[in-house]
Amino acid sequence: MTDISVDEIAESISKMTFDHPEWPMKKVRSAFIDYFVKTRGHKFWPSSPCVPHDDPTLLFANAGMNQYKPLFLGTADPNLEISTLKRACNTQKCIRAGGKHNDLDDVGKDVYHHTFFEMMGNWSFGDYFKEEAIEWAWACLIDVYGLDKERLYATYFGGNDQTPPDHEARDIWLKYLPASRVLPFDAADNFWEMGATGPCGPCVEIHYDRIGGRDAASLVNADLPSVIEIWNNVFIQYNREADSSLRKLPAQHVDTGMGFERLASILQGKDSNYDTDVFTPLFEAIRLVTGARPYGGKVGTDDEGYVDMAYRVVADHVRTLTFAITDGAVPSNDGRGYVLRRVLRRAVRYGRQNLGAKLGFFSKLVPTLVEHMGEAFPEIVRKKDFVIQNLKLDVEGFERKMQEEKDLSAAARKAKMSGGSGKEMVLEAEQTAALIARGIETTVDDQKYVWEKDIETVVKACFVGRNETEDKTGFKDSITKEDGACGLILSATNFYAEQGGQIYDTGTIKCPTGTLRVDCVQVYGGYVLHLG
């Protein structure tokens with residue numbers, strides 16, 4: 001690799017002749033916004049930050065509806081402009097790299113996973129509903145984008161024991177598609193819920209057959225790259241009550257999301273999102289910076305040296321880090337910062353090992369991304385220099401500092417778990433083996449996602465710390481307050497244990513003989529340890 005400056009990269013790319021499709025990415029994005037704003041009376045409402053500082057339930061914004069949750073829940077501050085919205089549209093910056101929705105480890109291995117992506121959407125807040133939403137989605141795809149209607153399939157909720165089928169949506173779709181291409185599916189695919197309770201409703205998904213000229217009904221939702229979901233329309237018409245029953249909402253809403261990169265690949269006639277002009281300028285910048293061979297679009301064993309995989313990893317990850325840092329997050333050793341740290345390390349590793357890049361290569365890619373996407377998201381233009389300085393780092397010093405922080409964090413965590421007693425309140429292999437030998441099964445923790453609901457459970461083991469008992473395992477038949485710091489293993493729990501960058505729950509466990517104040521919850525080999 002030869003050293004090349006940021007200015008030289010920009011000049012070289014400006015002279016390149018790329019494949020300019022009929023539907024360049026800027027046109028794909030603007031056509032959607034223009035249709036819903038100019039033709040259907042929506043207000044353009046800018047994307048929320050991909051770092052949701054005001055929503056502690058999310059590591060990153062992972063869907064277009066996140067910023068509208070107060071409107072769906074009826075809790076929006078009437079003094080804020082957002083409370084006046086009736087119809088809105090935008091393209092939302094989304095990151096799926098941690099927590100429940102996590103595509104990080106899959107990026108690069110195939111040609112369709114991303115950690116950063118755009119979700120184009122239109123929303124109705126108590127205004128229009130199914131009839132208009134489906135009609136306009138159809139018109140947008142057929143009249144605006146010119147898709148072949150013979151390649152489109154629609155799915156609807158087919159119902160179950162708890163919830164009736166959405167025949168209303170089905171009958172609307174039958175105005176546009178034959179019955180053989182309007183397909184029922186279960187709740188996993190076609191019923192959306194915000195949580196165990198709260199607003200929810202059926203959805204319709206629009207799928208596109210890339211090949212065409214065949215009956216692809218049996219291939220819908222088969223997880224095949226040739227038949228893909230492109231648009232999801234959610235109809236929020238119910239409230240899920242605490243007893244699991246459904247109550248009709250007085251105001252019904254529409255929440256839609258269409259994958260921008262997927263649509264661009266269809267309109268540009270590409271089999272992969274990475275072959276579109278969303279990524280080609282970044283790939284050229286990567287080639288110039290690293291000196292690697294040009295991107296070839298190969299996967300698996302066909303990809304000699306996993307060079308193409310590294311191209312995809314680096315291009316995706318520079319997008320994720322640029323937008324996340326712009327929106328207020330930084331690589332660190334906790335929460336979303338830790339996720340970004342993993343993203344950064346993964347990008348640098350693939351760039352160094354597979355592309356032959358020198359240290360410092362990563363920050364040189366930022367100006368190309370800013371030039372490419374800054375018109376749609378001007379915030380990355382304003383923060384360009386700041387982003388380059390978080391990414392232009394001393395890698396060895398960074399790793400050394402992260403280890404120091406990790407050691408300090410571990411010490412603080414140990415003190416927290418021991419309640420200041422100095423006892424080793426952790427389960428090592430010796431302890432989990434002892435639990436298995438006693439025939440104690442791992443903890444059932446399905447209820448950890450259900451808020452504000454007490455459960456009845458059984459104490460299976462009492463723990464007072466490693467080496468604190470005669471057999472050194474730390475387990476006793478019972479505990480008293482004289483034991484000080486202690487822990488309980490239960491048959492089932494509704495406490496969330498610390499994992500995946502998410503903090504643990506705290507609370508109380510009430511027994512006939514006393515109460516344990518739970519200050520920390522950890523999980524070891526499936527055994528959830530409640531410490532207090």
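Once backbone amide H atoms are built at 1.01 Å from N, GLY98 has ASP103 as its partners under 5 Å, excluding neighbours fewer than 5 places away on the same chain. Taking 25 °C and 0.890 mPa s as the conditions, I'd like the Stokes-Einstein D for the stretch 48-109 in µm²/s, using the Kirkwood hydrodynamic radius from alpha carbon pairs. Taking Rh from Cα pairs, D becomes 187 µm²/s.
How many times 2.2 N^0.38 Å is the alpha carbon radius of gyration of the stretch 106-179? Write down the numbers at each step before the final one.
On the way: Rg = 15.9 Å, N = 74, 2.2 N^0.38 = 11.3 Å.
Relative to the rule-of-thumb radius for its length, the stretch 106-179 sits at 1.41.
Computing Cα extents along the principal axes in Å for the structure here picks out one of (1) 76, 63, 51; (2) 91, 48, 42; (3) 156, 66, 43, namely (1).
Quick one: check the C-alpha center-to-center distance for the stretch 248-314 versus the stretch 89-153, whole angstrom. Cα centroid to Cα centroid, the span is 15 Å.
Be a star and scan the stretch 44-62 for residues whose amide nitrogen sits under 18 Å from the point 7 Å along the Cα-to-Cβ vector of ARG382. Correct set: 45-54.
How large is the convex hull of the C-alpha atoms of the stretch 49-181 per residue, in Å³?
Details: hull volume 23.7 nm³, N = 133.
Value for the stretch 49-181: 179 Å³ per residue.
Over all other residues within a Cβ to Cβ distance under 15 Å of GLU205, the charged ones net out to -2, with Lys and Arg as +1 and Asp and Glu as -1.
Extension gain, LYS472 to ASP110, is 125.5 nm, computed as 0.36 nm per intervening residue step minus the present C-alpha separation.
Only sites in a loop by DSSP and with at most 14 other Cβ atoms within 10 Å count here; which chymotrypsin sites (Phe, Trp or Tyr not before Pro) in the stretch 9-89 make the cut? Could the numbers behind the result be given before it?
Numbers: sites: PHE18, PHE32, TYR35, PHE36, PHE44, PHE60, TYR68, PHE72; in loops: PHE18, PHE60.
Loop-located and lightly packed - PHE18.
The fraction of accessible area contributed by carbon and sulfur in the stretch 77-203 is 46 percent, rounded to a whole number (1.4 Å probe; ligands and nucleic acids excluded). The label point for ARG210 and the one for ASP3, both projected 7 Å from the Cα toward the Cβ, are 4.2 nm apart. Here the 3J(HN,Hα) profile of the stretch 221-238, calculated from phi with Karplus coefficients 6.51, -1.76 and 1.60 at θ = phi - 60°, is 6, 9, 6, 10, x, 7, 10, 10, 6, 10, 8, 10, 10, 9, 10, 7, 10, 10 Hz, Gly and Pro shown as x.
So if each residue of separation counts as 0.36 nm, and I subtract the Cα-Cα distance between VAL330 and ASP143, what length gain in nm does that give? Present the calculation step by step, with values, prior to reporting the outcome.
Values: separation 187, 0.36 × 187 = 67.32 nm, distance 4.25 nm.
In short, 63.1 nm is gained.
Over the stretch 175-330, accessible surface divided per residue gives 36 Å², non-protein components excluded, 1.4 Å probe.
Using a 1.4 Å probe on the protein chains only, how many percent of the accessible area of the stretch 259-334 belongs to carbon and sulfur? Write down the numbers at each step before the final one.
Details: 1030 of 2290 Å².
Summing carbon and sulfur atoms, their accessible area is 45 percent of the total for the stretch 259-334.
Which whole-number percent gives the relative contact order of the stretch 8-162, counting Cα pairs below 8 Å spaced six or more residues apart? Numbers along the way, then the final one.
Working: 156 pairs, mean separation 32.3, N = 155.
The normalised contact order for the stretch 8-162 reaches 21 percent.
Solvent exposure of the stretch 422-532 amounts to 57 Å² per residue of accessible area, where only protein heavy atoms count and the probe is 1.4 Å. Using only Cα atoms, find the angle between the long axis of helix 335-355 and the longest principal axis of the chain, and express it within 0 to 90 degrees, rounded to the nearest 10. Taking the Cα atoms of the chain, the angle to 335-355 is about 60 degrees. Scalar couplings 3J(HN,Hα) for the stretch 322-332, obtained by applying the Karplus form with A = 6.51, B = -1.76, C = 1.60 to θ = phi - 60°, are 4, 6, 5, 5, 4, 8, x, 9, 9, x, 8 Hz; x denotes Gly and Pro. Relative to the Cα centre, the charge distribution of the chain, modelled as +1 at Lys and Arg Cβ and -1 at Asp and Glu Cβ, gives a dipole magnitude of about 820 debye. Across the stretch 82-95, coupling constants 3J(HN,Hα) worked out from phi with the 6.51/-1.76/1.60 Karplus curve, θ = phi - 60°, read 4, 5, 8, 5, 10, 9, 9, 8, 5, 10, 8, 6, 10, 10 Hz, and Gly and Pro carry x.
The values are calculated or read from the model by the stated rules, or taken from the named source; none is laboratory data. Remember, it's a predicted structure, so these values are computed and weren't measured experimentally. So basically every Cβ, Gly included, is an ideal-geometry build from the backbone, and we count neighbours across all protein chains shown. These accessible areas exclude ligands, DNA and RNA; they are computed on the full protein's heavy atoms, side chains included. Shrake-Rupley method; radii C 1.70, N 1.55, O 1.52, S 1.80 Å.
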